[in-house]
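These notes concern the structure reproduced below.
The values are calculated or read from the model by the stated rules, or taken from the named source; none is laboratory data. Treat the numbers as computed from the prediction; the structure is a model and nothing was measured. Quick reminder, even Gly has a Cβ in these numbers, built from the backbone with ideal geometry, and neighbours come from all protein chains shown.
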Amino acid sequence: MPFEEMGRAVVEGDDSLVAELAQVFLDGGGTPLRAVEEGFVVGIREAGRLFEAGQFFLPELVTAA
C-alpha cells in the first residue's frame, strides 16, 4: 500500500478513507506503528506546512489532525 495515499487522505480530511486504508494495511500484515509513522504522520506534517504557508486554515488543520 502506498503510504502517499494514506497521507493524502489525512490532508484531505477524509476520515472514512483513513479508516479504510488503515484496515487494509493492517489486514495485509502491516503494523499500526508503521502506518502512523510512514503514512498518517506524513499527512499531518503536510497539513502543518500548508497551514504555515497560509494555504490551510484552522478548520482544515484540525480536521487533518
For this session: Name every residue in the range 41-65 that is polar (S, T, N, Q) and outside any helix (DSSP H, G or I), in order of residue number.
Result: 55
For this session: Could you check, for the range 45-53, whether at least one of its residues is at pLDDT below 95, within 15 Å of residue 4 (Cα to Cα) and surrounded by 16 or more Cβ atoms within 10 Å (Cβ to Cβ)?
Result: yes
Problem set entry | Every residue from the range 18-34 that is more than 11 Å from residue 5 (Cα to Cα) and in contact with a helix residue (DSSP H, G or I) (Cβ under 6 Å, 6 or more places away or on another chain) | 25
Exercise. What number of residues in the range 43-60 are of a type in the set (Gly, Ala, Ser) and free of Cβ contacts under 8 Å to residues at least 24 places away in the same chain?
Worked result: 3
Exercise. Taking into account only those residues within the range 16-40 that are in contact (Cβ under 8 Å) with a residue 24 or more places away in the chain and in a helix (DSSP H, G or I), which is surrounded by the fewest Cβ atoms within 10 Å (Cβ to Cβ)?
Worked result: 38
